[in-house]
Amino acid sequence: MTNINCAENCIHQKNGKCQLTHISIVSEVRDSKCAYFQAREAPGTAGKPK
Ligand code: SF4
């Protein structure tokens, strides 16, 4: 399980943590977006049924 702190508006981020499990090499997330960044469609719509 990863334990990466992240505050990006990314679909993999939840509660300030990266939930992406296949990252094993990333040790820190800098100001620039990480290689796995995927923007959420829109604020407030994540997790809602379509
Ligand atoms: S994939 Fe990258 S940008 Fe997205 S939550 Fe994880 S560390 Fe942050």
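Report, by residue number, each residue of the range 1-10 that is more than 7 Å from the ligand (Cβ to nearest atom) and either in contact with a Leu (Cβ under 9 Å, 6 or more places away or on another chain) or free of Cβ contacts under 8 Å to residues at least 24 places away in the same chain (or both). Spell out the reasoning first.
Restricting attention to the range 1-10, the residues satisfying the condition of being more than 7 Å from the ligand (Cβ to nearest atom) are 1-3, 5, 7, 9.
Result: Met1, Thr2, Asn3, Ala7.
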Every pair of residues 6+ apart whose Cβ atoms lie under 8 Å, when the first sits in the range 15-40 and is farther than 11 Å from Ile4 by Cα while the second is among the aliphatic types (A, V, I, L, M) and modelled with pLDDT of 80 or more: Tyr36/Leu20; Gln38/Ile11; Ala39/Ile11; Arg40/Ile11
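The values are calculated or read from the model by the stated rules, or taken from the named source; none is laboratory data. Because the structure is predicted, anything quoted here is derived from the model rather than measured. Counting neighbours? That spans all protein chains shown, and the Cβs are built from the backbone with ideal geometry, glycine included.
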